[in-house]
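Written out below as structure tokens is the structure these notes cover.
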Amino acid sequence: MILDAIAQLKASVHESPIGRVPGLEWFCGSVIDLLSGPFTGLRTRSYWPELVAALIIAGIVFMIRDRKPGQYLAAFGRYCFPRSQFMHQSTWVDCKLILANHFVTPVTNFTWRLNTVWFTTLLLSAMTATFGPAPQSHEWTTMAIVLFTILFALAEDFGYFLFHLASHRIGWMWAFHKVHHSAETLQVFANVRVHPVEVMLTGPFKALTGAFVMAPALYFWAGDVSFTTILGMNLMAAFYGFVGGQLHHCHIWISWGSVLEHIFISPAQHQIHHSTQPQHWDRNMGGNFALWDWAFGTLYVPRERETLTFGLGGTSGQPHPTLRAAYLEPFWAVTPDFVKRWIAAATGTLSGSRR
Ligand SMILES: [Zn+2]
Ligand SMILES: [Zn+2]
């Protein structure tokens with residue numbers, strides 16, 4: 001019903017004088033998508049049922065652990081939405097990035113073709129060339145579907161981990177990922193505080209590792225795979241959204257306990273990832289699963305509740321106090337020194353000529 005209303009609204013925009021100006025129509029369509037996204041779950045990481053689930057989990061933690069006698073709904077509101085987090089300069093930059101990215105990333109996402117379908121087709125061709133035509137000798141039983149769902153979710157998450165690991169280890173990738181880490185508050189908007197170049201890079205990593213599960217599935221299993229594809233792609237993501245994925249970027253300390261935190265990344269573990277303290281740097285880089293961090297030696301399981309501050313730490317200060325800085329500083333950071341010297345010299349010459 002909501003989708004129908006959105007489609008009708010877009011159709012009326014298309015038929016109006018706005019529809020005669022393609023750029024303006026695209027802009028209006030983007031605004032409609034941006035405003036309706038949280039209610040439809042399309043192109044958004046802020047799907048409202050997931051936010052409600054996060055609020056319910058926060059409510060349970062508040063009632064069981066953090067509520068003081070005499071505290072009720074107003075106190076819960078302040079607990080979930082403290083001014084210190086939501087009125088912070090860093091949070092405003094998050095919001096501006098969300099707005100700007102909504103219009104910028106569809107234009108700059110040059111790697112959109114490197115998706116799961118593309119890598120799967122490539123792998124299938126390689127398998128067919130090496131082993132002959134696909135046998136497709138198995139049927140999709142319930143067990144096969146469940147196994148595929150879990151393996152596909154694991155594969156995609158491993159792709160994200162590899163991307164994240166590379167972003168922390170490779171200098172030019174860190175320059176862009178640093179925009180996410182310069183957030184000094186953790187709240188729902190920080191979840192999508194990412195540079196457009198990071199958006200461009202993440203997809204191919206997840207698509208490549210996902211294809212290593214998808215291609216063998218298509219090669220060996222017969223029948224329509226669309227149902228299983230949908231199940232594999234959406235079910236696990238929805239599951240994590242509902243069990244607290246939205247709380248990964250949240251100021252409330254929520255831990256799953258040391259055993260589960262070897263398997264799943266908890267909100268507390270992602271807070272550790274954003275901590276300014278050097279012993280926490282480059283730790284807990286998994287998206288949903290902690291298994292990869294465990295295997296690669298980057299897992300940090302907190303033994304008890306830790307008091308954290310968020311941001312880059314060190315002596316670099318805040319390199320992204322504005323949207324402009326968040327967009328441009330990474331490009332300047334990856335510019336070779338000789339080019340910087342050349343620009344500085346040219347700028348100096350220009351300044352001199354003005355005087
Ligand atoms: Zn990171
Ligand atoms: Zn984060």
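The values are calculated or read from the model by the stated rules, or taken from the named source; none is laboratory data. This structure is a prediction, so every number in the text was calculated from the model and none was measured. Don't worry about glycine lacking a Cβ; one is built from the backbone with ideal geometry, like all the others, and counts go over all protein chains shown.
Residues checked against (1) within 30 Å of Arg305 (Cβ to Cβ); (2) in contact with a Phe, Trp or Tyr (Cβ under 9 Å, 6 or more places away or on another chain):
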{"residue": "Asp4", "(1), (2)": "no, no"}
{"residue": "Gly23", "(1), (2)": "no, no"}
{"residue": "Gly59", "(1), (2)": "yes, yes"}
{"residue": "Pro69", "(1), (2)": "yes, no"}
{"residue": "Gln89", "(1), (2)": "yes, no"}
{"residue": "Lys96", "(1), (2)": "no, no"}
{"residue": "Leu99", "(1), (2)": "no, no"}
{"residue": "Thr105", "(1), (2)": "no, no"}
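Among the residues of region 178-199, those identified as more than 11 Å from ligand 1 (Cβ to nearest atom), at pLDDT 95 or above and touching a Ser or Thr at 6+ places or on another chain (Cβ under 7 Å) are Glu184, Thr185, Pro196. Taking the criterion of being within 12 Å of ligand 1 (Cβ to nearest atom) and among the acidic types (Asp, Glu), the residues of region 259-299 that qualify are Asp282, Asp293. The set of residues in region 288-314 being within 18 Å of the chain's Cα centre (by Cα) and either within 20 Å of Ser182 (Cβ to Cβ) or of a type in the set (Asp, Glu) (or both) consists of Asp293, Phe310, Gly311.
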